[in-house]
Amino acid sequence: MNELQELQQQHYLGRAKNAVQSFLVRKLLIPKVYLDAKWDGWSLDILAIDRAGVGDVHGVRLVPWEPGHHERAGYSFFLEKAVSAALSDFTGFPGHFRYLTVVCFESNKRKWIPGKGVLNQSLAADGVGRVGLLYVNVTEEDAVVETLLKPERFRSSKEIIELTDRYVAETPANWEVRE
């Protein structure tokens, strides 16, 4: 990938982060939102903590869907593998809600529909919780987030509550309501 392509990809991912941040701000009740967050050793593209930092923890990772040579081999197969790998990597994340966001870098591309394997893999092992799947095409005039699979809340724990309190106290949010 050359420098220009890398810069364009960086811009696309930045637009996706802003779009998902706006989505969470509309969806949650007075959230604190952190971009490029480090959460207990986890790298997240977006972290949102509901109710002004004392509520549920929402972690988001982006899955880039780049145009190119994979198209001839079947885009669904390659994207499905990338999402599946990202889901496997998200197992054990200490948070209440988890999202993977497919970021499309090409205009006029039909929306990806997750296969049965990804749908099954999105569920928690004990059935309590499901990773949400979001989709955003950043080449459009307005990068709008669409929900492909609604997330379901994972179990809470004392660890998550302690992490939340510590993180909010030590880390300034990128977006929050201030009075």
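The values are calculated or read from the model by the stated rules, or taken from the named source; none is laboratory data. What you are looking at is a predicted structure, and each value in this text was computed from that prediction instead of being measured. Methodologically, a virtual Cβ is constructed for each residue, glycine included, from the backbone with ideal geometry; neighbour enumeration extends over all protein chains shown.
Inside the stretch 19-41, residues that are surrounded by 17 or more Cβ atoms within 10 Å (Cβ to Cβ) and either in contact (Cβ under 8 Å) with a residue 60 or more places away in the chain or in a strand (DSSP E or B) (or both) make up a count of 11.
Checking the stretch 25-34 against the condition returns no match, with no residue being closer than 19 Å to ALA86 by Cα and at pLDDT 95 or above.
Within this structure, PRO172 fails the test of being in contact with a Leu (Cβ under 9 Å, 6 or more places away or on another chain) and either surrounded by 16 or more Cβ atoms within 10 Å (Cβ to Cβ) or not small (Gly, Ala, Ser) (or both).
Note on the stretch 47-166: enclosed helices (runs of 4 or more DSSP H) holding 2 or more residues that are among the hydrophobic types (A, V, I, L, M, F, W, C) are 70-90, 116-121.
Taken over the stretch 114-124, the criterion of being in contact (Cβ under 8 Å) with a residue 12 or more places away in the chain and either closer than 17 Å to PHE90 by Cβ or surrounded by fewer than 13 Cβ atoms within 10 Å (Cβ to Cβ) (or both) is satisfied by PRO114, GLY117, VAL118, LEU119, GLN121, SER122, ALA124. Taking first residues from the stretch 86-109 that are closer than 16 Å to LEU44 by Cβ and partners that are among the acidic types (Asp, Glu), the Cβ contacts under 7 Å between residues at least 6 apart in sequence or on separate chains come to PRO94/ASP40; PRO94/GLU159; HIS96/ASP56; PHE97/ASP56.
Restricting VAL128, VAL145 to residues that are within 30 Å of SER76 (Cβ to Cβ) and surrounded by 19 or more Cβ atoms within 10 Å (Cβ to Cβ) narrows the list to VAL145.
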